[in-house]
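Below is one structure, written out as structure tokens; comments come after it.
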């Protein structure tokens, strides 16, 4: 499932920062412990994990606000969990 893979990516980045928790899907990622560099790493991880190139216009704070917003972005771009 798309959401499960996204949760895994976020949790992995949080673990590198010694934060051992799974954020709620609508939690603001910057408030659960992701720094601006972590957000860049998350963007690259999403592109690699789902074999997609995110259009520059879509790389916005709103689209990377939460797991749910990233999931919505990928859905709009036609990405599926099987990607």
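Among the residues in the range 67-76, are any modelled with pLDDT under 95 and under 12 Å from the mean Cα position of the chain (by Cα)? Scanning the range 67-76, I find no residue that is modelled with pLDDT under 95 and under 12 Å from the mean Cα position of the chain (by Cα), so the answer is no.
Residues that are closer than 14 Å to residue 68 by Cβ and in contact with a helix residue (DSSP H, G or I) (Cβ under 9 Å, 6 or more places away or on another chain) within the range 10-30 comprise 10, 22, 23, 24, 25, 26, 27, 29, listed in sequence order.
Out of 38, 51, one residue alone is within 13 Å of residue 5 (Cβ to Cβ) and free of Cβ contacts under 8 Å to residues at least 40 places away in the same chain. It is 51.
The values are calculated or read from the model by the stated rules, or taken from the named source; none is laboratory data. Keep in mind the model is a prediction, meaning the values are calculated, not measured. Counting neighbours? That spans all protein chains shown, and the Cβs are built from the backbone with ideal geometry, glycine included.
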